[in-house]
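Comments concern the structure below.
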Amino acid sequence: MNKMNKEFYMKRALKLAKKGLGRTSPNPIVGAVIVKDGLIIGEGYHKRAGLPHAEIEAIRAAGEKTKGADLYVTLEPCNHYGRTPPCTEAILKAGIKRVFVGMRDPNPRVRGGGVEYLRSKGVEVETGILEKECQRLNEVFIKYITTGLPFVSLKLAATLDGKIALANGEAKWITNEKSRRFVHRLRDIYDAILVGIGTVLKDNPSLTTRLPGKKGKDPVRIILDTHLRIPLEAKLLHLHSKAPTLIVAGPNASDKKKIEALKNLGAEVVVVNLENGQISLTELLKILGKRQITSLLVEGGAKVAASFLGQRLVDKAYFFYAPKVFGGKHISMISDLSITSMEEVISFKELTIKRFSNDILVIGYPIYSMKEADLNSN
């Protein structure tokens, strides 16, 4: 079989996998296609953690035609018992002759197990089909399963001169409705969303997912609130939402009555140690990882953005730019990063540009070392 045919079917598997975005955490998103005599006879994707894996869905869809067929799957089939039985056994039982794998399972505890087991049973296995595309699709899972920490994305919306609000704090609305709808799609696929208390006090946001037809799931809401200043009347404390709200406070926030009041409103107060007078973000990320929060969308404000970037905790960034100009005295999108030389400048790679009418979205992955930035510029 030539390379183009293999990539054609893997692209179909990738397209299927995307249907599971935001629904499979803490599992990866996976798509599978079964081909026989040049025709797709079955396909499937992992719909939700605890439900059948993509390979099982595809095998069931193909029915009794699977003997001697080829399987294309974006991620190495599992060879261990979790919430569901191993996919390798189902592949063998179905009589699949060849398996084409996009990427190996990055889980250090199981990596290679599925591929080697299938080969030991006489199944022909080829790996690395559209590997980079498969890895990018599962960037969240790769980060989480190899580090125990959530994948962190930063989202900011600014004017062309990099301002996120007027000097008086007014910020609604910088970007247009299409851009804001895309942000709600992001909220739908991330496990959690985070803002600082400054954003809550200024904007009183809901931090929910609002998509047409009331579709989408709400992310876990996380508020950085060192001194527990959140008003009990805050909108996000009075929502009809299944997603929990976490108020992250410092160890000196000892107002027991307010903590109890927040609990009565359904919020959870999480105490995290301070680092240079601020919530320790590294400790917080470890706590979130232990709660199986695999992805985090940081929506600001400027100080929070600077803290995450300055501590090299951002894995991906979404910068929205509206065709407006505020001028110099207004609030910049990122506070001081204490950069004193060009060698400390944060660069971005693998840029993607999208347009939402007149708004522009720049998506990129931060580069925190000058050496890596130089390599990416060549």
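Here is how the numbers come out for the structure above:
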| item | result |
| --- | --- |
| Over 27 Å (Cα to Cα) - which of Lys143/Lys202; Lys15/Lys214; Lys93/Lys290 fall in this group | Lys143/Lys202; Lys93/Lys290 |
| Relative pair counts by distance (%), Cα atoms of the stretch 250-342, 10 Å bins | 12, 34, 33, 17, 4 |
| Total formal charge among the other residues, if their Cβ is under 12 angstrom from that of Tyr321, Lys/Arg +1 and Asp/Glu -1 | +2 |
| Reduced Cα scattering model of the chain, Debye log10 I(q)/I(0), q = 0.09, 0.11, 0.13, 0.14 Å⁻¹ | -0.60, -0.86, -1.10, -1.20 |
| Within the chain, percent of DSSP bridges classed antiparallel, to nearest 5 | 40 |
| Placed amide H near Ala165: partners under 5 Å, 5+ positions off or other chain | Ile331 |
| Solvent-accessible area, 1.4 Å probe, carbon plus sulfur percent, for the stretch 46-192 | 49 |
| Rounded Å value of the spacing that divides the Cα centres of the stretch 226-305 and the stretch 31-92 | 40 |
| Accessible area expressed per residue, the stretch 177-234, with surrounding protein chains retained (probe 1.4 Å, Å²) | 45 |
| Considering only the stretch 187-301, percent of DSSP beta bridges that pair antiparallel, nearest 5 | 10 |
| Per-residue ³J(HN,Hα) for the stretch 91-101, Karplus 6.51 cos²θ - 1.76 cosθ + 1.60, θ = phi - 60°, Hz, x for Gly and Pro | 5, 5, 5, 6, x, 4, 8, 10, 10, 10, 10 |
| Cross-link pairs Lys3/Lys132; Lys303/Lys329; Lys132/Lys217; Lys3/Lys121; Lys178/Lys324; Lys178/Lys235 - those with Cα-Cα distance over 19 Å | Lys132/Lys217; Lys3/Lys121; Lys178/Lys235 |
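The values are calculated or read from the model by the stated rules, or taken from the named source; none is laboratory data. Here the structure is a predicted model, which is why all the values come from computation and not from measurement. Reconstructed Cβ throughout: ideal geometry from the backbone, glycine too, with neighbour counts over all protein chains shown. Remember, those area values only see protein heavy atoms, side chains included, never the ligands or the DNA or RNA. Shrake-Rupley method; radii C 1.70, N 1.55, O 1.52, S 1.80 Å.
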